[in-house]
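See structure below.
The values are calculated or read from the model by the stated rules, or taken from the named source; none is laboratory data. Predicted, not measured: the structure shown is a model, and the values here were computed from it. With ideal geometry, Cβ positions are generated from the backbone for all residues, glycine too; neighbour counts draw on all protein chains shown.
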Amino acid sequence: MNHAIRVHDYGGPEALVWEEVPLPAPKPGEALVRHRAIGLNYIDVYFRTGLYKAPALPATIGMEASGVVEAVGEGVMHVAPGDRVAYATAPIGAYAEARSIKADRLVKLPATVTDDQAAAMMLQGMTACFLLTRTYKVQPGQTILVHAAAGGVGLIMVQWAKALGCTVIGCVSTEEKAALIRAHGADHAVVGIEGLPARVKEITGGAMLPVVFDSVGRDTFMTSLDCLAPFGMMVSYGNASGPVAIADIGVLAAKGSLYLTRPTLATYTAKREDLEYCANALFDVVAQGKVKINVNQRFALKDAAEAHRALEARRTTGSTILLP
């Protein structure tokens, strides 16, 4: 027997339906994974609402999970039945008790990482990895800004950037979240975006920032640009408040010949060697205690709608997992 959360029509959390689905036999190159924990990410909201379109409806959403390989198809080399594995990759389909997925998208879990940790950190942690080490390779002594710093990706980025020698400014929505990011190493915690550029100017002695990491989107985009030094890079990697629309790219020139990028984990892990780089770098910083994975919320998979409501209402901190 197999159950999944499926979306038949795009909409609010009520669009998430718990129902019985067939157990998929692995095709050549695939592995059947019995999930032990599933990660909750904001991209799941995008697929539920239709901001990002599923290949077809009804669709099982979800990008990230940990579990055990139950069977493999012909030609599989990377994993074998009984292996503990995790993934954070397209295609969607993680909100299920079990699924078949391309085996070359799976990574084996070291003994130092639990099933819950893996489901909570693979997408968010590998995102933090490529943002800090490849999209913009931060350097010791630099001051950087992380929006939504108390969220899943944000809290990992705060810790990882500190381990890399950065001074970290974290922007959050409440005083409680400000206390949380300070406890995880943030040098400066700013509540709300009102007056943020002036605060950055004060912190940096007028130098402003070489990079801003922004997952909020529409509501923070222009403010983020105003925090950058000339030739600074705006890394827009999420749309929690809505998609960003730029009517005139001349704004980048006017604000100091700025750079703008919209990276995705899918691109940065498309090659097997890049996937292994990000996964292994994440396992290393967690094993060394440089990054602590906070699973602060747990929901039953069948209650995914409640998890989405909590996420969208900003009632979550750190990582959230769904348990089959």
Odd one out for residue 267, checked against (1) assigned to a loop (DSSP other than H, G, I, E, B); (2) of a type in the set (Val, Ile, Thr); (3) surrounded by fewer than 20 Cβ atoms within 10 Å (Cβ to Cβ); (4) modelled with pLDDT of 95 or more
(1)
Would you say residue 81 is over 22 Å from residue 282 (Cβ atoms), free of Cβ contacts under 8 Å to residues at least 40 places away in the same chain and in contact with a strand residue (DSSP E or B) (Cβ under 6 Å, 6 or more places away or on another chain)?
yes
Is it true that residue 251 is in contact (Cβ under 8 Å) with a residue 40 or more places away in the chain and either out of contact with any helix residue (DSSP H, G or I) (no Cβ under 6 Å at 6 or more places or on another chain) or hydroxyl-bearing (Ser, Thr, Tyr) (or both)?
no
Any residue at all in region 26-43 that is assigned to a loop (DSSP other than H, G, I, E, B) and within 28 Å of residue 296 (Cα to Cα)?
yes
Odd one out for residue 236 among (1) polar (S, T, N, Q); (2) out of contact with any Phe, Trp or Tyr (no Cβ under 7 Å at 6 or more places or on another chain); (3) at pLDDT 95 or above:
(2)
Quick check: anything in region 37-60 touching a Pro at 6+ places or on another chain (Cβ under 8 Å), in contact (Cβ under 8 Å) with a residue 12 or more places away in the chain and surrounded by fewer than 20 Cβ atoms within 10 Å (Cβ to Cβ)?
yes
So residue 281, is it farther than 24 Å from residue 173 by Cα, surrounded by 14 or more Cβ atoms within 10 Å (Cβ to Cβ) and under 17 Å from the mean Cα position of the chain (by Cα)
yes
Can we say residue 4 is crowded, with 22+ Cβ neighbours inside 10 Å and under 22 Å from residue 275 (Cα atoms)?
no
